[in-house]
Each structure stands twice: as structure tokens, then as C-alpha cells.
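Below is one structure, written out as C-alpha cells; comments come after it.
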Number of protein chains: 2
Amino acid sequence: MIPFSIDLKPGSPFCDQLAYAVKKAIVSGQLQTGDRLPSVRVLAQELKINPNTVQKAISRLTAEGLLEIQPGIGCSIANRPRKAEAKACAVLLHQEMERLVVEARRLNLSKEEVEKALTEHWNRISGQN
Amino acid sequence: MIPFSIDLKPGSPFCDQLAYAVKKAIVSGQLQTGDRLPSVRVLAQELKINPNTVQKAISRLTAEGLLEIQPGIGCSIANRPRKAEAKACAVLLHQEMERLVVEARRLNLSKEEVEKALTEHWNRISGQN
DNA sequence: TATGGTGTATTATATGTCATAGTACACTAA
DNA sequence: TTAGTGTACTATGACATATAATACACCATA
């Protein structure tokens, strides 16, 4: 069994969906520091996709510092990122936030409605910690 | 001159960037209901991209109900969407919100920091209304 | 030591998206 | 009629994506 939930759907690249599913599982506490991830070949078999596609997602998460590789052993969940890295990445968050605000205002939503949605998702994602 | 601000950069599709720039200009009040948009050919020339690429962005915004087309005349900014359409689109907003929350928690940001960022962007985008 | 399981790299192929180029058509204002 | 609208269509090249099939270095275990 795969230690996180994922349901691959066409529309966006499989490697993106896989990387996001793992990241979400880590952030929500479903996967914890030190936990082992199934091997590239096992994941590929379970998800019925190509091993290369899995490897692409893994290498991306490794580059982000979310996964740690032990050559010949496998890969496991790394520690939470240091503040230094986080600061550099926060720029991306602001881009996402602007996109979200633009979309919300296009839908004539109030700021309160958006804040409520933020709280809902925040609690849901953080609930398992 | 183009009645909205845009700076095309490689990395994401031009038609996406153009559609977003127009949407942002509408939402922020830079473009108002009834305002005329430059023609497909003019936009293509100014932005130094292909008319087909511009047309792709326009047709997407038209499908979203943000632009109105008068055949033979040109296209202009439409009225704000009705609640009915908005409700159907709100699902997408929740997907974006979840992605944002996941990213924020991956960066070890606090909920207060994210709420602060939301307020900042909200005021900036809404400032011109 | 030999075997099998790790991650990783490489090459090749097929498919789809994106941007471009060129052409053509229906429509409308002047 | 003429020129300017949006729109549709085909074709091409560049690029990303997913797949397939190997091959290699590494490590644990029998």
C-alpha cells in the first residue's frame, strides 16, 4: 500500500500530481520525518505509471529538500526546511496569493469569505499534526 | 498604448500571462465595464507575439464572461459575473487555496503571516476601486 | 561472494501543447 | 467599396510529457 492518498487524473502532468500529493501528505503529518517512501519501481507499479515519471517527482522533491536519499537504500522524509530556504521560496507564495486574490475578486467574493476559506483549509491540512 | 500593464516573460504560456493581466486589470478597476480592448492585431503587434496567441487569451476571457464581443466592432469589458456563474467557479478557488495552504505550511509560515499576506494583496488589488 | 533491491542516467519514441506563419471568411463602420 | 473588427483553418517547429528499454553504482542480506 502507498502511505499517502493520491488519485491521478488527466489534465496536469502526473509528476506534478505525485509531487504535490507527497508534499501535502508531509505537510499534513500523514508522512513524518524519517518515514520511508516506497521505491520508485513500487510506486510506478502501484500508480500504473512509468518509473521515469515517478523519478521525476522524487528528484524534484529532493531538490526542494523535502526528501532525503540514501544511496542503495531508498528515500525518506527529510526534516522541515530551515528559515533561510523558506525565505527564498516565499516569493512564490506571494505570486500564488495574488492569483488567488484576483480570482476571488473576479468572483465578487468578500474578503471575509476568502478568510473563512483560508481558515477552513488551514485547519483541515493542519488537523493531523 | 495598451490600457493595462503587462510584461511577458518566458516560463509560462503567453496566452495565460495575457489573460491573467487583463483579468487583473479588470478586477483592480484599471479596466472598467464598457472599456474597449485594443484589437487582436494591435495587441499582437504591441506585445510582439502572434495574433493567434492573443486570440486564444481573448476567447478564454470571453468564455469566462469577462469580455464581450461585438462582431465587426471589437471586444470590451463585460459586466461583473452573476452569482450563479461565480458559484460554479468557486471550486477552482478552493483548489488554489489548498495549494497555497500546503505551500505555506511547507515553508513553516504561521497562519497569521498568511492572513497578513492576504490582507496586503487584497488591499493592493482593491485599492483602485 | 552472489543476489536482489535501492536511486540514477541514458537513449529513443510517441503524444500533446505552445507559438508561430499564412490564409481566408463574415461582420461592421466610414 | 474599403479598411478594420473577431474568428477559423492548416501547417510547422520547439518544447514538455509520458512511455519504453537498458545500464550503472550503491547497499543489505543470504
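No lab work stands behind these numbers, since they all come straight from the coordinates. All of these numbers come straight from a predicted model, not from anything done at the bench. Quick reminder, even Gly has a Cβ in these numbers, built from the backbone with ideal geometry, and neighbours come from all protein chains shown.
Numbers below:
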item: Residue among A:51, A:13, A:38 with the largest mean-square fluctuation in a Gaussian network model of chain A, springs linking Cα atoms under 10 Å; result: A:13
item: Three principal axis lengths of region B:14-77 [C-alpha, angstrom, descending]; result: 26, 26, 20
item: Cα Rg, Dmax, the protein assembly as shown, angstrom units; result: 21.0, 66
item: Per-residue HN-Hα couplings for region B:21-26 [Karplus 6.51, -1.76, 1.60; θ = phi - 60°; Hz; x = Gly/Pro]; result: 4, 5, 4, 5, 5, 5
item: Label-point gap, in nm, between residue B:41 and residue A:90 - each point 7 angstrom along Cα→Cβ; result: 4.9 nm
item: Label-point gap, in nm, between residue A:55 and residue B:123 - each point 7 angstrom along Cα→Cβ; result: 5.0 nm
item: Geometric extent, Cα atoms of chain A - Rg, Dmax (angstrom); result: 16.7, 54
item: Helix-derived mean residue ellipticity, 222 nm - over chain A, DSSP H n ≥ 4, -39500 (n - 2.57), to 500; result: -19500 deg cm²/dmol
item: Formal net charge of residues neighbouring residue B:75 (Cβ-Cβ distance under 15 Å; K, R +1; D, E -1); result: +2
item: Spin-label proximity, residue A:108 to region B:3-42 - amide N less than 17 Å from point 7 Å beyond Cα toward beta carbon; result: B:26-29, B:32-34
